[in-house]
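Undergrad: Before I ask anything, here is the structure I am working with.
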Amino acid sequence: MARFYRVDQAQLLLTRGSDEGIDLLVRAFCRAGRDAVIECPPCFGMYRVAAGIQGAKVVSVPLLAPSFDVDADTLLRSVDERCKLVFLTSPNNPTGNSVARQVLLDLVEALSRKAVVVVDEAYIEFSEQRSLAELVSESDNLVVLRTLSKAFALAGARCGALIAHQSVVELLRRILPPYPLPTPTVRAALGVFDSAGQQHTANKIKRISLMRDSMNKLLTELPIVDRVWPSDANFLLVRFDNAARVLALTADAGIVLRDFSKQPRLENCLRITIGTPDQNARLLALLGEH
Ligand SMILES: *Cc1c(COP(=O)(O)O)cnc(C)c1O
């Protein structure tokens, strides 16, 4: 895995999914009841969950609407001495956009010796953007999270990779319980990285990315669709005229969409994961009838 991610083995910590990496970071860097983390909503929910368990405060620096770009100026102004971790997700879940590489690099540099920047790259295999993993030897306040749960379709195996400067990996290893990875997980993970596994995944990523871009066009043309955001992930964020109605309709047809319509900035928005060609066609046909 270190070879695949182009890092040294000493810069890699295998965890039970990225979720455990997030939990280890919060427990290692945040003193309970005193320190804080920053998140940029709308974003993945586990940063807040891990902070809550540790009793760390969550400071929200919302993404700018409607582009969902990171508000870097506000973010830097929000960092004080209590703030230890900044969680950024690229490509972001649920909005699908990537954070520009230069924005990430500037934040890492500006926060050097102040806070650790965690770049969660759960969906990066679907993106044209390059991982920041190779840069951890130069920056000891950069942590990159990768996972086998998304592009590699191994969510049930629970295998994530935390990539960081060797000193950070050594620190986190001290609070990682012994024997975290069961043998069946190790076997499944190794299968992903042999040449047949890599070929299979590369083909699948290409197919899904093409379908994502054609689904984006086709959904945009539907009368009940208000907006589809561009996506670097394996899903699309879609705003409908009436999300509740679409949810009821799709549920009746046995299609599960993820409801984000109750979250700030995501009114009437649903997240649609790209399925098989048949599943995508069924969804388009159903939405086209209404
Ligand atoms: C799914 C996801 C994860 C965590 O996945 P694991 O299964 O715990 O590896 C982390 N971050 C984001 C943004 C995700 O979407």
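The values are calculated or read from the model by the stated rules, or taken from the named source; none is laboratory data. Computed from a prediction, not measured in an experiment: that's the story for all the values here. A quick note on method: Cβ atoms are made from the backbone with ideal geometry, for glycine too, and the neighbour counts reach across all protein chains shown.
Undergrad: Among LEU135, LEU154, which is the only one that is of a type in the set (A, V, I, L, M), more than 11 Å from the ligand (Cβ to nearest atom), out of contact with any Asp or Glu (no Cβ under 9 Å at 6 or more places or on another chain) and without any contact (Cβ under 8 Å) to a residue 60 or more places away in the chain?
TA: LEU135
Undergrad: Going through region 159-198 one residue at a time, which ones are at negative phi, hydroxyl-bearing (Ser, Thr, Tyr) and either outside any helix (DSSP H, G or I) or more than 13 Å from the ligand (Cβ to nearest atom) (or both)?
TA: SER167, THR183, SER195
Undergrad: Look at SER137 and say whether it is of a type in the set (Ser, Thr, Tyr) and surrounded by fewer than 16 Cβ atoms within 10 Å (Cβ to Cβ).
TA: Here the answer is yes, as SER137 does meet what is asked.
Undergrad: Please count how many residues of region 192-212 are surrounded by 14 or more Cβ atoms within 10 Å (Cβ to Cβ) and either modelled with pLDDT under 95 or not hydrophobic (A, V, I, L, M, F, W, C) (or both).
TA: 8
Undergrad: Can you confirm whether SER78 is more than 21 Å from ALA233 (Cβ to Cβ) and either modelled with pLDDT under 95 or surrounded by fewer than 18 Cβ atoms within 10 Å (Cβ to Cβ) (or both)?
TA: In short, yes.
Undergrad: Which condition breaks for THR147 when tested against (1) at pLDDT below 95; (2) within 16 Å of the ligand (Cβ to nearest atom)?
TA: (1)
Undergrad: Would you check if ARG130 is assigned to a strand (DSSP E or B) and of a type in the set (Lys, Arg)?
TA: no
Undergrad: In region 1-33, which residues are within 14 Å of the ligand (Cβ to nearest atom) and among the basic types (Lys, Arg)?
TA: The answer is ARG16, and nothing else.
Undergrad: Looking only at region 112-127, which residues are within 16 Å of the ligand (Cβ to nearest atom), assigned to a loop (DSSP other than H, G, I, E, B) and touching a residue at least 60 places away in the same chain (Cβ under 8 Å)?
TA: Hits for region 112-127 are ALA122, TYR123, SER127.
Undergrad: Pairs under 6 Å by beta carbon, first residue assigned to a helix (DSSP H, G or I) in region 99-111, partner among the polar types (S, T, N, Q), six or more apart or different chains?
TA: If the second residue must be among the polar types (S, T, N, Q), the pairs left are VAL108/SER139.
Undergrad: Taking region 141-191 as the region of interest, how many residues are of a type in the set (D, E, K, R) and crowded, with 16+ Cβ neighbours inside 10 Å?
TA: 3
Undergrad: Just wondering, is there one or more residues in region 95-105 that are at positive phi and either surrounded by 22 or more Cβ atoms within 10 Å (Cβ to Cβ) or modelled with pLDDT under 95 (or both)?
TA: yes
Undergrad: Still on this structure, please answer the following. Regarding VAL49, is this residue aliphatic (A, V, I, L, M), within 16 Å of the ligand (Cβ to nearest atom) and surrounded by fewer than 16 Cβ atoms within 10 Å (Cβ to Cβ)?
TA: Taking the combined requirement at face value, the residue satisfies it.
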